[in-house]
Each structure stands twice: as structure tokens, then as C-alpha cells.
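FYI, it's all coordinate maths here, none of it is from the lab. Only a predicted model underlies this, so the values are computations on that prediction, with no experimental measurement involved. Virtual Cβ from ideal backbone geometry, glycine too; neighbours counted across all protein chains shown.
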Amino acid sequence: MDIPLQILILIFLISFITNILPFAGAPYTLIATNFLLAYGENIENILIVIFLSGTGAALAKTITYVLGIALKKPLRKNKNIPLINKFIKSKYFPLALFITAILPGLPLDDYLYIGGGIVKESLKKMLIITIPSKILKSSIEIPLELFGILKISDLFNLNPLLLSILLTIIFFIIGFLLIKIDWNSLYEKISEKYLNKRI
């Protein structure tokens with residue numbers, strides 16, 4: 001293993017910290033990828049970084065869950081909470097959580113964790129789903145980013161770190177815009193027009 005222990009700890013902490021802030025959508029895998037570029041992209045390094053980044057990102061959702069508990073009263077007024085609660089109580093919730101935890105740049109799993117905190121869904125069950133989902137996400141994104149960052153940075157003559165910073169800013173903007181969407185009204189319109197049913 002070519003990556004020092006303190007760097008491995010840093011990768012875990014960065015993945016954890018960047019996933020604490022709900023709806024931020026910070027691309028922690030890009031940061032992890034830059035460490036791989038610095039210390040070597042061999043298979044052992046890639047597997048370790050995938051595991052640490054995915055686990056750190058998943059465990060950070062514990063804080064999001066606690067935030068849902070702490071802000072239960074004011075969050076009840078949020079127009080999207082009723083829809084989230086329907087998902088959590090439905091048989092589709094485990095699959096929805098697994099899929100939303102994988103989606104790149106779209107921090108939709110934060111909605112489910114805050115909703116889970118509000119209705120006091122089992123945190124253990126949620127983490128059992130989220131940890132492998134986030135590891136899978138890292139295992140998809142990091143190899144693609146290793147290839148993509150190098151190719152794009154060469155193509156546009158950009159430093160890989162600068163490119164990662166620009167992408168991070170873009171994902172933060174996307175996360176902020178997602179908060180502004182009235183998902184409940186959107187769901188109701190789609191249901192009435194195409195599904196004619198609710199969860």
C-alpha cells in the first residue's frame with residue numbers, strides 16, 4: 001500500500017464531513033480520486049480508497065438522521081416531508097434508499113434520512129442499506145473519475161485539482177437548487193396524470 005495511514009484517515013474524514021451537510025452534494029469521490037492521482041492508481045490503493053470513501057459517506061448520514069430528529073417540528077412544515085414519509089412507510093423504501101444513495105450529484109438520500117429521523121425509522125436498517133450503496137457508488141465513480149479527470153484535464157490543459165474544485169462548486173449549486181423544488185407537488189402532478197394512484 002502506497003498511501004500513508006494519515007492520508008487514509010483524511011480520506012475517510014473528508015468523505016464523512018462533506019456528507020454531513022444535507023443537500024450539499026459535495027463530490028467527495030473527486031477528492032479521493034485526487035489522492036489516488038498523487039499516491040498511485042494501483043488496484044490496492046483504489047480498493048482501499050473506495051471502501052473508506054464509501055463508508056465515510058454512509059456513516060455521515062447518521063448526522064443527517066439526527067438532524068431530522070432535532071428539527072422535527074419546523075421540518076413538519078416543509079412541503080416535501082409528507083411525500084418522504086409516504087416513501088419511508090412503503091415497501092419501496094429500501095430500494096428507494098439504495099438507489100438515491102448511489103445517484104451522483106443528487107443528494108436525494110438526505111431527504112430520506114431527515115424523514116427517517118422525523119418518523120424515527122430504524123437507523124440501523126437504513127445504514128445496512130446505505131453502506132454497501134455508498135461503497136458501490138465509490139466503486140463506480142472513482143475509476144470513472146480517474147479516467148475522466150486525466151482525460152479532461154489533458155484536453156483543456158487544466159490541473160486535475162482545479163478541475164475537481166470546479167466540479168465541486170457545480171455539485172454544490174445543483175444540491176442547493178434541489179432544495180428549492182417542490183417534490184411533493186411534482187409527484188402529485190405526475191401521479192394524477194400518469195399513475196392515477198398514490199403510494
(message) Could you give the length gained by full extension between Ile48 and Leu166, i.e. 0.36 nm per residue of separation minus their alpha carbon distance, to one decimal place?
(response) 39.9 nm
(request) Among the listed pairs Lys89/Lys120; Lys91/Lys125; Lys61/Lys86; Lys89/Lys124; Lys89/Lys137, give every one whose C-alpha distance is greater than 18 Å. (result) Lys61/Lys86; Lys89/Lys137
(request) Pull out the extension gain between Ile173 and Leu5, defined as 0.36 nm times the separation in residues minus the alpha carbon to alpha carbon distance; nm, one decimal. (result) 57.2 nm
(message) Just to be sure I understand the curve: with the Debye formula and one point per C-alpha of segment 3-151, what is log10 I(q)/I(0) at q = 0.10, 0.11, 0.14 Å⁻¹?
(response) -0.35, -0.42, -0.64
(request) Measure out, as a whole number of angstrom, how far apart the alpha-carbon centroids of segment 99-140 and segment 1-70 sit. (result) 15 Å
(message) Given points 7 Å out from each Cα along the Cα-Cβ axis, report the Lys73 to Leu13 separation in nanometres with one decimal.
(response) 3.6 nm
